[in-house]
Amino acid sequence: MLMLALLGACGTYPSPAGLAIDRSIQAKSQNSRVEFVVLHYTSSNNGVALKTLSQGNVSSHYLITDDPTPHVYQLVDENRRAWHAGVSQWYGSCNLNSASIGIEIVNEGGSGQVWAPYSEAQIAVLKVLLRDIVQRHQIKAANIVGHSDIAPQRKVDPGPLFPWKELARAGLGRWYDEEQVAGNVRALERSGLPTVRWFQQELSRVGYAAPATGVLDKATKNVIRAFQMHYRPSRYDGRPDIETAAILQTLQ
């Protein structure tokens, strides 16, 4: 069961004292200010995460606990800005806190090859919550992203165990045609690995803030690693390879 604990949600704003405002006619030319959903893990347990996100200098709109029946807290009204994205960029947009909804999932995170898994119950709850947000704000599949996608130089969450493919198969995110990727792999095995500059250009095309140096520097490796964590989590070493290139060729 999806439980929403609404903490301080905003209602309809009253008219200023002495001023009559007529809201009976609404403009046709408008849409939501929300363009992105950013998914995070907390790197902490339920209690620490709730205290940090409600009392600290960071926040998110929603927090999903790791209880057997996950609890969903709404900590910030969707009409207000939460401080969850930080210095970040996606498709050239840098003001992501002002145009996104942040969802934190209680998970201890990890490093190297050791990462904490997400529970099936957490992902089931996330799907319900995410589907509602996406439908109400008409968010594009490519704009459902992880913190590592929008800030690859600083962040790795939600990590390589996050089930991006499962969400995409449920209509909640971007994925690729796996048969087409297999064909691209065969073609690349004949033609050879593209240049570093090609990887940088393709990463930029699909949303990432990638350098344009033509050099396989640390910043470029971080972006490739973020892409691999999202789309090819079986290996996320940040090195250009044929399978990564084949996925990039296929991704829209």
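Yes or no: Ser60 at pLDDT 95 or above and assigned to a loop (DSSP other than H, G, I, E, B)? Spelling it out, Ser60 is indeed at pLDDT 95 or above and assigned to a loop (DSSP other than H, G, I, E, B).
For the stretch 145-185, the set of residues classified as among the aliphatic types (A, V, I, L, M) and surrounded by 19 or more Cβ atoms within 10 Å (Cβ to Cβ) consists of Val145, Ile150, Ala151, Val156, Leu167, Leu172, Val181, listed by residue number.
Listed by position, the helices (runs of 4 or more DSSP H) contained in the stretch 145-249 that have at least 1 residues being in contact with a Leu (Cβ under 9 Å, 6 or more places away or on another chain) and closer than 29 Å to Gly102 by Cα are 147-150, 164-169, 196-205, 218-231.
Checking the stretch 18-27 against the condition returns no match, with no residue being modelled with pLDDT of 95 or more and touching a Gly at 6+ places or on another chain (Cβ under 9 Å). Go through (1) in contact with a Pro (Cβ under 6 Å, 6 or more places away or on another chain); (2) over 22 Å from Asp241 (Cβ atoms) for Ala226 and report which single condition fails. It fails just one condition, (2). What do you reckon, is Val37 out of contact with any Phe, Trp or Tyr (no Cβ under 9 Å at 6 or more places or on another chain), touching a residue at least 24 places away in the same chain (Cβ under 8 Å) and either surrounded by 15 or more Cβ atoms within 10 Å (Cβ to Cβ) or in a loop (DSSP other than H, G, I, E, B) (or both)? The answer is yes for Val37. Selection of the stretch 97-114 for residues being in a strand (DSSP E or B) and either surrounded by 20 or more Cβ atoms within 10 Å (Cβ to Cβ) or not assigned by TED's automatic domain parsing to the domain that holds Leu63 (or both) yields Ser100, Ile101, Gly102, Ile103, Glu104, Ile105. I want to confirm something. Restricting to the stretch 118-144 and keeping residues that are under 12 Å from the mean Cα position of the chain (by Cα) and part of a helix (DSSP H, G or I), which single residue is surrounded by the fewest Cβ atoms within 10 Å (Cβ to Cβ)? Once the filter is applied, the top-ranked residue is Ala141. Given the structure, is Ser100 closer than 28 Å to Thr69 by Cβ and hydroxyl-bearing (Ser, Thr, Tyr)? For Ser100, the condition - closer than 28 Å to Thr69 by Cβ and hydroxyl-bearing (Ser, Thr, Tyr) - is met.
The values are calculated or read from the model by the stated rules, or taken from the named source; none is laboratory data. These numbers were taken from a predicted model, which means no experiment stands behind them. We place every Cβ from the backbone using ideal geometry, glycine too, and count neighbours over all the protein chains shown.
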